[in-house]
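Enquirer: Take this structure, written in structure tokens, and hold onto it; I'll ask about it next.
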Amino acid sequence: MPVSVIILAAGAGTRMKSSTPKVLHTLCGKSMLTLITQQALELSDDIHIVLHHQAQKITQVLHEEFGALLDSTLHLHTQDVENFPGTGGALRNILPKYKRVLVLNGDMPLIQAQSLRILCMRQEAIVMSMLWLHNPDGYGRVVLDETIHNPSNLTTHKVLKIIEQKDAINKELEIQSVNAGVYVFSQEILEYYIPKLSNANAQKEYYLTDVISLAQDDGVEICGVFVDENEYMGVNSKMHLAQAQEVLLTRLRERAMAQGVKMDIPHTIYIESDVIFKGECVLENGVRISGKSLVQDSHIKAHSVIESSVIIQSDIGPMAHLRPNSHITGTHIGNFVELKSAKLEGVKAGHLSYLGDCEIGTGSNIGAGVITCNYDGKAKHKTLIGENVFVGSDCQLIAPVEIQSNTLIAAGSSITHNVPSGALAIARSKQHNKAGFFERFFGKIKQ
């Protein structure tokens, strides 16, 4: 059965203690709102996102991530919090396309489409997600029609009522089944009960959970489904954010290893959601790979950092840094080598070099301490190095400059002009040895 989706993302998230809207805090390179929206897109072509706090900033991020889908599939709404605050107020004036409506929260980034699909397949007028917690403090308790202990995920039970913690008596506080905050409603339920909501409470807000209470009073059957705490956790603080990212990292590591990636000490390795692995790859401890990176048939050694780059049939590191837009094929990059916007094919750069805004051809060797001086204080310039070029240690290649194929650059040279094919370039002061100068400077050495 088709389903419409409403994602609640209007809150400020004051407990995050940040000027960034809560739903824009990132896990593994993607905002929480992006992650939950991606899962919603696997379920529906009618998604409504409710905004308020810093709505313009959130809208900009959504345009960057989902531009082609805005208006056609993703519909943005700004909540009238002055007149209708709260989760119940967020659903006013939204017109879902389908008769079943899934309500999600923008601060629950770990939820996966597979478990949401199971909730949506239920036929009851109201389906709510539940958690079984050993320490339910702070949660609204869910009273079920039977006593249960440690239920399995995705088991279902009839819900009798929801009790907010502040209203619970001693025995009710012992209940370990709590509201997880994800719901599936029939459109008719929302159309009938949303206008009936009252803000006669301490917070003067309209609560979505009151829809469930009103429906219970009218005898509507409510189905509760137990879900995985690690998947349905809400993020309300920086500590929660770190915990959620670790869960997501575990998923990404396991996915990569299932694809054939070998990881040394996996829990030390950081990879982001858009990273792609192909072929047989090895990641040593402390590796960090971010952005839209591709790693294929390559060995990334310990503590190397790779950002939005392509690495094919190469070995990198240890302790190398590939900044965005680097494209490396059949190349050895050694320790303490930094690349940025560099294209290298069949190259060796063993140690202590900066290669930025450059192209280097097959068979070339870059000595220790070589720097492409790409910035003149106003603009970036490019260095072009041909095939079979030997660049000696401690050279500065001052861009814009071209070093043609089959050339040698003498160690310690500062290259400011193009070097023609077949040449040896030497650009350094001539050495002079002054005999006897030591004693003239320090005096005669005592025997």
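Enquirer: Between Val61 and Phe437, how many nm apart are label points set 7 Å from Cα along the C-beta direction?
Expert: With each label point 7 Å from Cα toward Cβ, the separation is 6.1 nm.
Enquirer: Okay, moving on. Report, in order of residue number, the helices in the chain meeting two criteria: a C-alpha extent of 18 Å or more along the helix axis, and a mean Kyte-Doolittle hydropathy of at least -1.0; treat each whole DSSP H run as one helix.
Expert: 238-258
Enquirer: Going by Cα centres, segment 374-447 and segment 282-330 are how many Å apart?
Expert: 29 Å
Enquirer: How many percent of Cα pairs in segment 4-231 exceed 32 Å?
Expert: In whole percent, the long-distance tail amounts to 15.
Enquirer: Same structure again: For the peptides 101-109, 414-422, what is the packing order when you average, over each peptide's residues, the other Cβ atoms within 10 Å and list the highest mean first?
Expert: Working: 101-109: 24.9, 414-422: 14.3.
Descending mean neighbour count gives 101-109, 414-422.
Enquirer: Could you line up Phe84, Phe441 from fewest to most neighbouring Cβ atoms inside 10 Å?
Expert: Ordered from fewest to most neighbouring Cβ atoms within 10 Å, Phe84, Phe441 come out as Phe441, Phe84.
Enquirer: Right, here's the next one. Can you list the residues of segment 221-257 with backbone N under 14 Å from a point 7 Å past the Cα of Ile118, pointing along Cα to Cβ?
Expert: 224-232
Enquirer: Most exposed first by the Cβ proxy, i.e. fewest other Cβ within 10 Å, how do Tyr375, Tyr206 rank?
Expert: Fewest-to-most ranking of Tyr375, Tyr206: Tyr375, Tyr206.
Enquirer: When the chain is fully extended, how far beyond the present Cα-Cα distance does Ala302 get from Ala427, taking 0.36 nm per residue of separation?
Expert: The Ala302-Ala427 span can extend by a further 41.4 nm.
Bear in mind these aren't lab numbers, they're just calculated from the coordinates by the rules spelled out. The shown structure was predicted, so the numbers you read here are calculated from the model rather than taken from an experiment. As a convention, Cβ positions derive from the backbone with ideal geometry for all residues, glycine included, and neighbour counts pool all protein chains shown.
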